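Colleague: Take this structure, written in structure tokens, and hold onto it; I'll ask about it next.
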Amino acid sequence: MMSRELRQHFDVLVVGGGPAGMAAAARAAESGVRVGIVDDNANLGGQIWRRESHDHQSKDATGWTERVQAARVTSLCGMRIFDQPEQGILLAEGMNDLFELRYKHLVLATGARERFLPFPGWTLPNVMGAGGLQAMVKCGLPVRGKRIVVAGTGPLLLAVAAHLRKHGAQIPMICEQASWSSLARFGASLFARPAKLTQALQLRKELSGIPFAANSWPQAAHGRQTLEGVTVSRSGKTKTISCDYLACGFHLVPNIELPLLLGCQVQAGCVRVDDFQETTVSRIYCAGEPTGIGGVELSIVEGQIAGLAGAGRTTEAKQWFGEREKARSFAHLLERTFRLRGELRSLPSAETIVCRCEDISYSRLRAHTSWRAAKLHTRCGMGPCQGRVCGPATQFFFGWDPDSVRPPVFPVRVENLAVLNGRPEPQHSQTTGGLA
């Protein structure tokens, strides 16, 4: 049987240790209830607040870290939720153990991931997600003197380019798929948002001298064993740039697999919530990017509302509704400005691999009419990533939507899967194999 130490009970359980999750956990715990926060990383902070060193954090990250600690939130890092066998109980896999986490109220703050749009050569070593490369540099990857092309869409590209340059990388070009007219309207709107304008001017200063191309995107990556160069389309003309890395990202995709598994309704790819961030399932709340890509500020506000509401402090939660609307208006502006253009649907060639886990090409997928049909005939989406990479790509290319989510939502060890079938649970796991 599972030992008592591996079973924990919480009034409010938060899944996700990024800005939204930390804000929710802190506000709930400050209300006097027992709170736990689960994250699959070794430390709280999520991707956006990933530490460069033990003593280097942003002001917001430091502030919320201190509040979480002061409120005596139980941090359960290095754990991954993979199933809910019954309402109010979640199963989580740790490094060596299986945990049963019971809750009265649940806050889902599962964040987002980068969207990849496959093009010829995108599977070459050193073609990476923009945020992924930034995270690796924060963890110690040396890039001094390396030539790195940054391409895709959204403000993340500028932040990544500035970070890479700070660490000694050479940036031959930033390629943004949005048009100059869209960017001009976006820039003009910042005058009504002084804080955002200040951030933009600071980024412009940090990126001084780096060529910036709108109406531009990668067409093909080249190299024999690793990346050697990338061909980009720039206002209808092509140019090949030699480089050591390509940092590429086409906006973000909400992580909604766990909310779907728990029965939460989703609309337009985002979790539906009410004014208090409660989902369509009673006592389950959602905050941050799963409710719509909106950035750090919106995530923090939504997290506070969800945490307070989960702890029964609805009157205090209402005080944040105005701030949420302001943050949402900026999120809508970002969505309009950096909406993916139709030309990107012609990025892959017939031979381009779309599902890397199962080596499924674009031409094989094009022969089908739905995600389910492609999955049944080609195994697309059935590899270790379980459709997290190829799913958003096929959604953009073909308009497909995944039609179901089944446990486990992440690959887990076989002995832990036995719990789903009512078999005896092991106290300690010894194997390291995964099952997709």
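Colleague: Which one of Gly310, Val296, Gly16 is farthest out on the positive end of the charge dipole of the chain, using unit charges on Cβ (Lys, Arg +1; Asp, Glu -1) and the Cα centre as origin?
Modeller: Sorting the options by dipole projection puts first Val296.
Colleague: Further, regarding this structure: To test your reading of the geometry: what angle, between 0 and 90 degrees and rounded to tens, separates the Cα axis of helix 296-310 from the longest principal axis of the chain?
Modeller: For 296-310 against the chain, the angle is about 10 degrees.
Colleague: Hey, if you put +1 on the Cβ of every Lys and Arg and -1 on every Asp and Glu Cβ in the chain, which of Val281, Met136, Ala221 ends up farthest toward the positive end of that dipole?
Modeller: Farthest towards the positive end: Ala221.
Colleague: If you don't mind, there's one more thing I want to ask. Mind putting a number on the dipole of the chain about its Cα centre? Charges go on the C-beta only, +1 for Lys and Arg and -1 for Asp and Glu, and I need it in Debye to the nearest 20. Please list the in-between numbers first.
Modeller: Details: 50 positive and 38 negative charges, 249 e Å.
Result for the chain is approximately 1200 debye, rounded to the nearest 20.
Colleague: Please identify every one of the trypsin sites (Lys or Arg not before Pro) in segment 117-158 that sits in a loop by DSSP and has no more than 11 other beta carbons within 10 Å of its own beta carbon. Intermediate values should be presented prior to the final figure.
Modeller: Numbers: sites: Lys138, Arg144, Lys146, Arg147; in loops: Arg144, Lys146.
Here the sparse-neighbourhood loop sites are Arg144.
Colleague: Oh, and also: Under the classification rounded if a/c is under 1.5, otherwise prolate if a/b is larger than b/c and oblate if not, where does segment 106-187 fall, given a ≥ b ≥ c as square roots of the Cα gyration tensor eigenvalues?
Modeller: Rounded, since a/c falls under 1.5.
Colleague: Moving on to the next point. If contacts are Cα pairs under 8 angstrom and at least 6 residues apart, what is the relative contact order of segment 90-227 in percent?
Modeller: Numbers: 156 pairs, mean separation 38.6, N = 138.
After rounding, I find 28 percent.
Colleague: Measuring from label point to label point, each 7 Å out along Cα→Cβ, what is the Thr369 to Ser179 span in nm?
Modeller: Once both label points are built, they end up 3.4 nm from each other.
Colleague: Follow-up. Note down the magnitude of the dipole of segment 113-199 about its Cα centre, charges +1 on Lys and Arg C-beta and -1 on Asp and Glu C-beta and zero elsewhere, to the nearest 20 debye. Could the numbers behind the result be given before it?
Modeller: Working: 11 positive and 2 negative charges, 48 e Å.
Rounded to the nearest 20 debye, it is 240 debye.
Colleague: Under a 1.4 Å probe, what is the accessible area of the chain per residue, stated in Å²? Walk me through the intermediate numbers first.
Modeller: Numbers: 20160 Å² over 436 residues.
Accessible surface, normalised per residue, equals 46 Å².
Colleague: While we're looking at this one, here's another question. Rounded to the nearest percent, how much of the accessible area of the chain (1.4 Å probe, protein heavy atoms only) is carbon and sulfur? Please report the intermediate quantities before stating the final value.
Modeller: Details: 10200 of 20160 Å².
Carbon plus sulfur share of accessible area: 51 percent.
Colleague: Using 0.36 nm per residue of separation minus the Cα-Cα distance, give me the extension gain between Ser346 and Gln170 in nm, one decimal.
Modeller: Values: separation 176, 0.36 × 176 = 63.36 nm, distance 2.95 nm.
Gain on stretching Ser346 to Gln170: 60.4 nm.
Colleague: Sticking with the crude label model, points 7 Å out along Cα→Cβ, report the distance from Thr315 to Cys77 in nm, one decimal please.
Modeller: The two pseudo-label positions are separated by 3.7 nm.
Colleague: Please give the helix 155-166 orientation as an angle from the longest Cα principal axis of the chain, in degrees from 0 to 90, rounded to the nearest 10.
Modeller: 80 degrees
Colleague: Let me ask you something else. State whether segment 1-131 is rounded, prolate or oblate according to the following rule on the C-alpha gyration tensor (a ≥ b ≥ c being the square roots of its eigenvalues): a/c under 1.5 gives rounded; otherwise a/b larger than b/c gives prolate, and the remaining case gives oblate. Kindly include the intermediate steps, with their values, before the conclusion.
Modeller: Numbers: a/c = 2.17, a/b = 1.37, b/c = 1.59.
Note, shape of segment 1-131 comes out oblate.
Colleague: Same structure again: Roughly what would the spin-label model give for Arg406 and Ile210, points 7 Å off Cα along C-beta, in nm?
Modeller: Those two pseudo-labels are separated by 4.4 nm.
Colleague: Rounded to the nearest Å, what's the spacing between the alpha carbon centres of segment 182-196 and segment 61-85? Just the number, please.
Modeller: Taking the Cα centre of segment 61-85 as reference, the centre of segment 182-196 is 35 Å away.
Colleague: What residue among Ala112, Gly168, Ile89 has its Cα farthest toward the positive end of the dipole of the chain, where the charges are +1 on Lys, Arg and -1 on Asp, Glu, each on the Cβ?
Modeller: My answer, from the dipole projection, is Gly168.
Colleague: With axes computed from alpha carbons, what is the tilt in degrees of helix 19-30 against the longest principal axis of the chain, rounded to the nearest 10 within 0 to 90?
Modeller: Result, in degrees: 20.
Colleague: Also: Which of these, Leu308, Leu298, Leu90, has the largest mean-square fluctuation under a Gaussian network model of the chain (Cα springs below 10 Å)?
Modeller: Of the options given, Leu90 has the highest mean-square fluctuation.
The values are calculated or read from the model by the stated rules, or taken from the named source; none is laboratory data. In this text, all values refer to a predicted model and were calculated from it rather than measured experimentally. Positions of Cβ are generated from backbone atoms using ideal geometry, with glycine treated the same way; all protein chains shown enter the neighbour counts. These accessible areas exclude ligands, DNA and RNA; they are computed on the full protein's heavy atoms, side chains included. Shrake-Rupley method; radii C 1.70, N 1.55, O 1.52, S 1.80 Å.
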